[in-house]
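Here's the structure we're looking at; comments come further down.
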There are 2 protein chains.
Amino acid sequence: MKKTYSLMIHGGAGSVANKTSSLESIKKIVEKGEAMLRKGASSLDVVEKCVMLLENDPQFNAGRGSVLTHEGKVELDASIMNGSDLRAGAVAGVVGIKNPVTLAREVMDKSEFVFLVGKGAEKFALANNIAFEKPPYFITPQRKEQLMNTKKSNHMTLDHTIKDRKFGTVGAVALDLKGNLAAATSTGGLVNKNYGRVGDSPIIGAGCYADNETCAVSCTGYGEHFIRMVMAKTVSDIILYKKVSAQTASELAIKMLINKVKGLGGVIVVDKYGKIGKAYSTEGMIWGSVVKGGEVKAMLG
Amino acid sequence: MKKTYSLMIHGGAGSVANKTSSLESIKKIVEKGEAMLRKGASSLDVVEKCVMLLENDPQFNAGRGSVLTHEGKVELDASIMNGSDLRAGAVAGVVGIKNPVTLAREVMDKSEFVFLVGKGAEKFALANNIAFEKPPYFITPQRKEQLMNTKKSNHMTLDHTIKDRKFGTVGAVALDLKGNLAAATSTGGLVNKNYGRVGDSPIIGAGCYADNETCAVSCTGYGEHFIRMVMAKTVSDIILYKKVSAQTASELAIKMLINKVKGLGGVIVVDKYGKIGKAYSTEGMIWGSVVKGGEVKAMLG
C-alpha cells in the first residue's frame, strides 16, 4: 500500500456564529496539520496540535471561548488516543487548564492512568508543568450573554434548550505516513451544565477512538446521546465487522444514533487507508480535511 | 419465545480474602435477585438491588469496605444502564455516598444528564435526598493496612503493583420476564489511586452496557485496559455482528483484551435469550448466577 496521510478536523455540529471567520480558521489549522504530516510528524502529534489550535481560537467551544456552566465557570473535557497501541488519555471537569488536550496527552504519556477528573486532574497538571490560565482568558462576553439567555429559557421545553445550547466541540483525526491513526476531542460541554456533568468528549469509545485496525473517530453533539450509543466505538466496530468505507460507516452510525436514541450530532472519521468519512443529524457541521495529501478543504455542511 | 429470567453477579476478578464467606454472600444476593425476577421485578430494579447489597457488604471493593485512595479516602464510581431504551446513569469520584449505584440510577431517572463527577455529583445527591455516610462507615482496618503495604511497595515494578491491587469491583446483569436487559457496575477503584483517577466502572461502554438487541455486560479488572478496549461495548458488538452466544462473546472479548492491551480482568454477560457468559484473564473471578429460572449457583473460577 502506498504511503500517504490524511487529516480531518471539526469545529462542532450545529450552527456557527460567524461562518466566514470560522471556516478561515478551520482551513488554516488543517494547513498547519497537513504540513506537519507531509514532513513525517506522527498522527498523534498532529491531532494534538490541531485541537490545541482549535482550543486557542475563541470561536469554538473548547479551551478559550468555551461555554459557561450554570455557575458561570469554564469546565473543560478532552481526550486523545493513539491507534497503534490503543494508549489513551482523558480529563474531565478541569478548570484553568489552557489546553485540555495537552493535559490528556500528558495523562497518556506520563501516568499509569487513562482518565483523570476535576481537582485531581488539576493537581496532576500542576505536578507536570501544564500551562494554566486565569478565568478572564477563557470567558468571552458572547458566552456570558449566552448563559444569561439560556438560563432565561430554562422553563422552555427540552428541545428548545438543546437547540439553544449548540455543539461547538472540536476534534481531529489523522493517518500519518507510518500508517498510524490517532484521534483527539475537546470541549467546554453544554451551556448551563450543572452538577459536574461530563459529556462524551473525554469518554474513550464515546467521543474519541482510534485503532490502527479500523479507523480514528471524533464526535460532536449532544453528549448524553453519544455516551449511550458509545458512538466512536460503534463506528470502529462497523468498519471492523462490516468492512465498509469510512463514509458508509459514518452514515450507518448516525442512522443508529437517530434510530436508537434520537441522537443529535456528528462524527468525523479517517480509516486506515486514509479515506475520510463524516455524517451528522444536526443542521450542519463545520469541518476541514486533506485526503491522501491532496487539496485542503474547509466546509460547513 | 418462552418468557424467562436470568441473573448473573460478580464480586470481582483476582484473589478474594475469604472465599467461603464471599461465596455465601454472593449466593444470598443472587437468591434475593432471583426472587425479585420470579415475581416480575424489572431487570433494572434487580441489578440496582444486587449491586446495592454488594456495596453494603464490606468484603467487596465497592461502597462500604472499598479500597483507599493515595490520600486514604474512599472515592466511588458506579453506573447503570437500561437495555430497552439505552438510558444510562453514572457517577465517578464521589465521596460519602452510601450506595453509588442508587445515585447513578437517580442521575438516569431524574436528570437530563448521564454522567456526573466529583463534588457536582455529590451536590446532585444532596438535592435528591440520596443517603450519605461518614468516612468510618466506609473504611475498614483491612483497607488501611492494604494501603500502607501498597505505598511501601510503590517502588516495585508495575506488574507487582497491579498484582497487589486486586480487582474487587462488583456488578450485575439481568434479563427480566418482560425480555428487558439491564446492567450495573460499582467500585472503589484501585488501591492507592491518585489525581482523581477514574476507571472503567462508571464508563458506559467500558465497564457497563445493556441493549435489548444484544446483551447486558458488567466488567471487572484493571480499569485502564477496559477503557482502552471499550470492553462492554466490544462484547455487545461481537454478539450484534457475529451472532454468537454470550459465552463465546465473553471468550472472544477477553481474547481481544489480552491480544490488544495485555488486559487483566473479567466480564459477565446475559444475552437476550437469557443465556449467560463469563470469561477472565485473571487467576479467577467470583460470581453467582441463576439461568432461566434454574438453580442458584455461586463460584470462584
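Can you list residue pairs whose Cβ atoms sit under 8 Å apart, with the first residue in the stretch A:60-83 being closer than 21 Å to A:ALA172 by Cβ and within 14 Å of chain B (Cβ to nearest Cβ) and the second being of a type in the set (D, E, K, R) and in a strand (DSSP E or B)? Count only pairs 6 or more apart in sequence or on different chains. Note: pairs meeting the criteria are A:MET81/A:ARG87.
Hey, can you tell me all the residues within the stretch A:197-255 that are in contact with an Asp or Glu (Cβ under 6 Å, 6 or more places away or on another chain) and of a type outside the set (A, V, I, L, M, F, W, C)? The answer is A:SER201, A:PRO202, A:GLY207, A:GLY223, A:SER236, A:ASP237. Any residue in the stretch A:77-89 that is more than 30 Å from B:GLY189 (Cβ to Cβ) and part of a loop (DSSP other than H, G, I, E, B)? Checked against the condition, which is being more than 30 Å from B:GLY189 (Cβ to Cβ) and part of a loop (DSSP other than H, G, I, E, B), the stretch A:77-89 yields no hits at all. Output yes when any residue across the stretch A:54-62 is under 14 Å from the mean Cα position of the chain (by Cα), crowded, with 16+ Cβ neighbours inside 10 Å and of a type in the set (Phe, Trp, Tyr), and no when none is. Checked against the condition, which is being under 14 Å from the mean Cα position of the chain (by Cα), crowded, with 16+ Cβ neighbours inside 10 Å and of a type in the set (Phe, Trp, Tyr), the stretch A:54-62 yields at least one hit. For the stretch B:84-130, the set of residues classified as in contact (Cβ under 8 Å) with a residue 60 or more places away in the chain, at the interface with chain A (Cβ under 7 Å from one of its Cβ atoms) and among the hydrophobic types (A, V, I, L, M, F, W, C) consists of B:LEU86, B:ALA88, B:ALA92, B:VAL114, B:PHE115, B:VAL117, listed by residue number.
Can A:ARG38 be described as under 26 Å from B:MET229 (Cα atoms) and either charged (D, E, K, R) or surrounded by fewer than 20 Cβ atoms within 10 Å (Cβ to Cβ) (or both)?
no
When the stretch A:270-281 is filtered for residues that are under 18 Å from the mean Cα position of the chain (by Cα) and buried (at least 20 other Cβ atoms within 10 Å of the Cβ), the ones remaining, listed by number, are A:VAL270, A:ASP271, A:ILE276, A:GLY277, A:LYS278, A:ALA279, A:TYR280.
In the stretch A:189-201, is there at least one residue being touching a His at 6+ places or on another chain (Cβ under 6 Å), farther than 29 Å from B:ALA216 by Cα and either of a type in the set (Phe, Trp, Tyr) or not in a helix (DSSP H, G or I) (or both)?
Applying the first criterion (touching a His at 6+ places or on another chain (Cβ under 6 Å)) to the stretch A:189-201 yields A:192, A:194.
Next, from what is left, pick out any that are farther than 29 Å from B:ALA216 by Cα: A:192, A:194.
Add one more test, that the residue is either of a type in the set (Phe, Trp, Tyr) or not in a helix (DSSP H, G or I) (or both), and what stays is A:192, A:194.
Yes, the stretch A:189-201 has at least one match.
Which residues, counting only those in the stretch A:240-260, are more than 11 Å from chain B (Cβ to nearest Cβ) and either buried (at least 24 other Cβ atoms within 10 Å of the Cβ) or in contact with a strand residue (DSSP E or B) (Cβ under 8 Å, 6 or more places away or on another chain) (or both)? A:SER245, A:ALA246, A:GLN247, A:THR248, A:ALA249, A:SER250, A:GLU251, A:ALA253, A:ILE254 - these are the residues of the stretch A:240-260 that are more than 11 Å from chain B (Cβ to nearest Cβ) and either buried (at least 24 other Cβ atoms within 10 Å of the Cβ) or in contact with a strand residue (DSSP E or B) (Cβ under 8 Å, 6 or more places away or on another chain) (or both).
Inspection of the stretch A:181-198 finds a residue satisfying the criterion of being within 16 Å of A:ILE227 (Cα to Cα), within 14 Å of another protein chain (Cβ to nearest Cβ), crowded, with 24+ Cβ neighbours inside 10 Å and among the polar types (S, T, N, Q). In this entry, B:ALA172 passes the filter for residues that are hydrophobic (A, V, I, L, M, F, W, C) and more than 10 Å from every other protein chain (Cβ to nearest Cβ). In this structure, does A:ASP85 turn out to be surrounded by fewer than 24 Cβ atoms within 10 Å (Cβ to Cβ) and within 21 Å of A:LEU181 (Cβ to Cβ)? It is true that A:ASP85 is surrounded by fewer than 24 Cβ atoms within 10 Å (Cβ to Cβ) and within 21 Å of A:LEU181 (Cβ to Cβ). Look at (1) surrounded by fewer than 24 Cβ atoms within 10 Å (Cβ to Cβ); (2) assigned to a strand (DSSP E or B) and you find that B:VAL267 fails only one, number (1). Picking from residues in the stretch A:212-234 that are part of a loop (DSSP other than H, G, I, E, B) and more than 8 Å from chain B (Cβ to nearest Cβ), the one that is farthest from B:THR234 (Cα to Cα) is A:TYR222.
So is B:VAL270 closer than 29 Å to A:GLU122 by Cα and either within 12 Å of chain A (Cβ to nearest Cβ) or of a type outside the set (Gly, Ala, Ser) (or both) or not? Judged against the criteria, B:VAL270 is not a match.
The residues of the stretch B:199-211 that are under 12 Å from the mean Cα position of the chain (by Cα) and either surrounded by fewer than 24 Cβ atoms within 10 Å (Cβ to Cβ) or at the interface with another protein chain (Cβ under 10 Å from one of its Cβ atoms) (or both), listed by number, are B:GLY199, B:ASP200, B:PRO202, B:ILE203, B:ILE204, B:ALA206, B:TYR209.
FYI, it's all coordinate maths here, none of it is from the lab. What you see is a predicted model, and the numbers here were worked out from it, not measured in a lab. So basically every Cβ, Gly included, is an ideal-geometry build from the backbone, and we count neighbours across all protein chains shown.
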